[in-house]
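**Student:** If you scroll down you'll find the structure; I have some questions about it.
Bear in mind that the values in this text are calculations on the coordinates, not laboratory data. Remember, it's a predicted structure, so these values are computed and weren't measured experimentally. Note that we place each Cβ from the backbone using ideal geometry, even for glycine, and neighbour counts take in every protein chain shown.
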Amino acid sequence: MAVSKRLRYEILRRDSHTCRYCGASAPTVPLRVDHVTPVALGGTDTPDNLVTSCEPCNSGKSSATVDSAVVANVSDDALRWAAAITQAAANLQELEKPKDEYRGAFLAEWNRWTVGKDESKKVPLDDSWKLSIERFRVAGVPTWMWADIVDAGMANEKVKPENTFRYVCGIAWNKVTALQAEARRIVDGGVADLKPSSMLSALVEAAKEIWRREAGADLTEDLEARLTSSVTVSVEEELDADEIIKAIRYAAWFGTATVTEGQAQIYDHDRVMAVMRWECSWRDSCGSYPSEEETAAFEGYRNSLMQAGVSEPVLASAAAVAGFCLSVVPYFGIRDEALKAAGINAKRQTAEGFWALAFVATAARWPTAEERSKFNAQMDRLTDDGGYLIFDANAAAVAAGAAQEADLYWNVPRNFSALLAAAKPLAGGEN
């Protein structure tokens with residue numbers, strides 16, 4: 001609260017209306033009541049923190065300091081507090097130096113780039129960039145690495161300027177992952193001697209930091225306890241650290257905090273991504289989305305392939321190719337064992353793909369579902385009859401597609417099949 005008139009009078013009277021800094025007195029100079037330790041630095045309005053000061057000293061024109069002999073009668077506590085505040089400020093400034101130097105190193109690399117050829121237009125930084133950079137400092141990203149990180153982020157012309165900082169942060173977190181992997185390699189090689197408990201503690205702290213960054217919020221007591229317990233159990237079950245961190249990242253995105261919940265989100269996300277890639281490719285190819293029946297058929301194959309262990313990136317690529325060809329069967333680029341486990345005949349699908357591509361090349365449209373059904377019926381007939389190689393079947397499929405018909409049976413050239421038959425010995429061993 002403000003110093004009252006009564007208290008001002010008592011301070012002036014106590015100090016005999018004399019400046020305690022320089023000794024000047026009224027009426028020679030105007031007098032004021034001054035705080036020894038400023039209120040902003042923790043000073044109080046009590047008499048032991050108040051002194052009489054002339055106007056020149058009060059405005060900082062005097063060379064006298066608060067610890068000079070002329071203010072010896074002021075409380076020692078007030079003087080010690082003033083000195084402690086000054087030292088504390090100096091200590092905090094010293095602690096900030098590494099942070100400032102680290103930010104400066106990042107900023108120097110960032111400011112080397114501009115938007116296009118306009119050297120005056122800098123690439124914008126997020127308002128929270130200092131907090132993000134501090135997290136990378138704590139995570140162990142060295143200052144020299146920012147040159148490569150920033151260059152990689154700025155060089156991607158597909159990223160809009162307003163999204164560049166987030167993109168750069170993504171690259172930086174990949175570097176953190178690489179650093180952690182190298183650290184694990186060193187530890188596993190026996191170069192470092194860290195106890196398992198130390199490794200677990202480090203992984204838990206990393207998981208917490210990843211969760212906070214991805215969620216954009218702090219962990220509540222309950223969520224932190226669940227996260228810690230979940231990571232501990234996952235380590236005991238020998239789940240890879242990269243998988244744990246990935247699961248925690250997904251958990252944060254969906255407001256949960258355990259590895260199990262994160263893994264469930266990964267699975268759901270992978271399933272959704274494959275369907276989205278397939279649907280978008282289908283739409284780009286014919287201008288409309290697949291029907292409910294076609295989507296259900298695709299999802300059946302997708303689920304079977306996921307159960308067979310096909311990874312999300314591989315499945316997403318196969319889904320894109322299938323969607324472009326207006327097919328409900330993703331098979332391109334997937335290993336034969338997984339296709340067989342999912343009940344998919346890769347050779348048959350290849351023949352259908354050749355037929356469909358030849359069809360659209362001449363008809364300027366993709367075959368309808370009915371036409372595909374007729375083609376597959378012909379493939380069944382060809383397979384039942386036997387005596388043909390896949391090369392002949394593919395050639396027949398191309399010829400039938402170019403003729404815009406589903407009947408490939410009479411287009412089978414048997415070229416390769418005939419050669420194979422001629423190369424076989426006759427019955428009874430005669431040539």
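**Student:** Run through the stretch 206-311 and list the GluC sites (Glu not before Pro) located in a DSSP loop whose Cβ has at most 14 other Cβ atoms within 10 Å. If you can, show how the numbers build up before the last one.
**Tutor:** Values: sites: 209, 214, 221, 224, 236, 237, 238, 243, 261, 279, 292, 293, 294, 299; in loops: 237, 238.
Answer by residue number: 237, 238.
**Student:** Only sites in a loop by DSSP and with at most 16 other Cβ atoms within 10 Å count here; which GluC sites (Glu not before Pro) in the stretch 97-183 make the cut?
**Tutor:** Working: sites: 101, 109, 119, 134, 157, 162, 182; in loops: 119, 157.
Hits after loop and neighbour filter: 119, 157.
**Student:** Any idea what diffusion coefficient the stretch 97-192 gets from Stokes-Einstein, in µm²/s, Kirkwood Rh on alpha carbon pairs, 20 °C, 1.002 mPa s?
**Tutor:** Diffusion coefficient, whole number: 149 µm²/s.
**Student:** Sort 31, 107 so that the residue with the fewest other Cβ atoms within 10 Å of its own Cβ comes first and the one with the most comes last.
**Tutor:** Arranged by neighbour count, lowest to highest, 31, 107 become 107, 31.
**Student:** Roughly speaking, what is the centre-to-centre gap between the stretch 11-46 and the stretch 105-162 when only Cα atoms are used, to the nearest Å?
**Tutor:** When both Cα centres are located, 52 Å separates them.
**Student:** Of 99/130; 121/175; 117/160; 121/160, which pairs sit farther than 18 Å apart, going by alpha carbon to alpha carbon?
**Tutor:** On the way: 99/130 9 Å; 121/175 28 Å; 117/160 15 Å; 121/160 14 Å.
Exceeds cut-off: 121/175.
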